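Below is one structure, written out as structure tokens, with a few remarks after it.
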Amino acid sequence: MLRLFVLLLLLALTGAGAALAQGFYPPRTDRFQSDEAGLLDADTAAAIRALQEQLLSYSVEMPLVTINSYTEYGTGDASLADFARGVFQAWQLDSAPRNLLVLASRADLQVVLVPGSGYSSAEISALQSISDMVIRQPFAAGDFLAALRAGFPALASSSVGLPLPLPVVTAAPAGAQSVPTAIPQPTDAGAAPPPEPPPADSSNSLLFIVVMALLLGAGSILPVLLRRRR
């Protein structure tokens, strides 16, 4: 009997050791944020959470995950980008096409984006441009809060294609008809219809988002840059 108990105990320990050897991804204990690296203060976390909750109205989940280093998790991923894709899968963010994961690594001084399958190549390029122009430099300089304060709202705005603040979306009561956002005006008989407005320039929208983000983060970014030049 004792031998059987010892054998079962060894099997259990062997299984636990194998599970640990396979590694793991950060658990999703919160729908919106996992700040394992402790990069967020209370005000920044609350401001980002408010945006994350609002994005749900647009069928977008945009969690923020911070880690010290992806090598601490023993997943065998070859790069931070591979690790981020593993988190995306582990958190089941592929359940909706417009979800977007933002993963920040303190040791790697990098922020990685993992967009869902519903983003076009142009949209992914726009998101990456925001990351490169707004987030990368202050984050690499160690000013994590400035990078996330300025960058996360810009990414949120780009993910839904709308400027900040995002319009409030309210669900219509069951059975109610949707109200059009604009009511067409009657025209005189024989009069020519008004000309169609020119198509929106997506590059201008992206430029606006980036400029606003830079203005929001400038107060925190400039002191870091000045210190580095000295």
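What follows is calculated from the coordinates using simple rules that are stated; it is not laboratory data. This one's a predicted model, so the numbers in the text were calculated from it and none came from an experiment. Cβ: placed from backbone, ideal geometry, glycine included. Neighbour counts: every protein chain shown.
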* **Charged-residue dipole, Cβ positions (Lys, Arg, Asp, Glu), segment 23-90 about Cα centre, Debye nearest 20** => 200 debye
* To do: Give the residues of segment 134-170 whose amide nitrogen is closer than 12 Å to a point set 7 Å from the Cα of A50 in the direction of its Cβ.
  => 165-166
* With r defined as the distance between the Cβ atoms of A107 and S57 and R0 fixed at 45 Å, what FRET efficiency is calculated, to the nearest 0.05? -> 0.80
* To do: At 0.36 nm per residue, minus the direct Cα-Cα distance, what do S121 and E36 gain on full extension? Give it in nm, one decimal, please.
  => 27.5 nm
* Asked: Listed highest first by mean packing, meaning other Cβ atoms within 10 Å per residue, what order do 150-156, 73-79, 108-114 come in?
  -> 150-156, 108-114, 73-79
* By the scheme Lys and Arg +1, Asp and Glu -1, what is the net charge of all other residues having a beta-carbon under 12 Å from that of Q92? -> 0
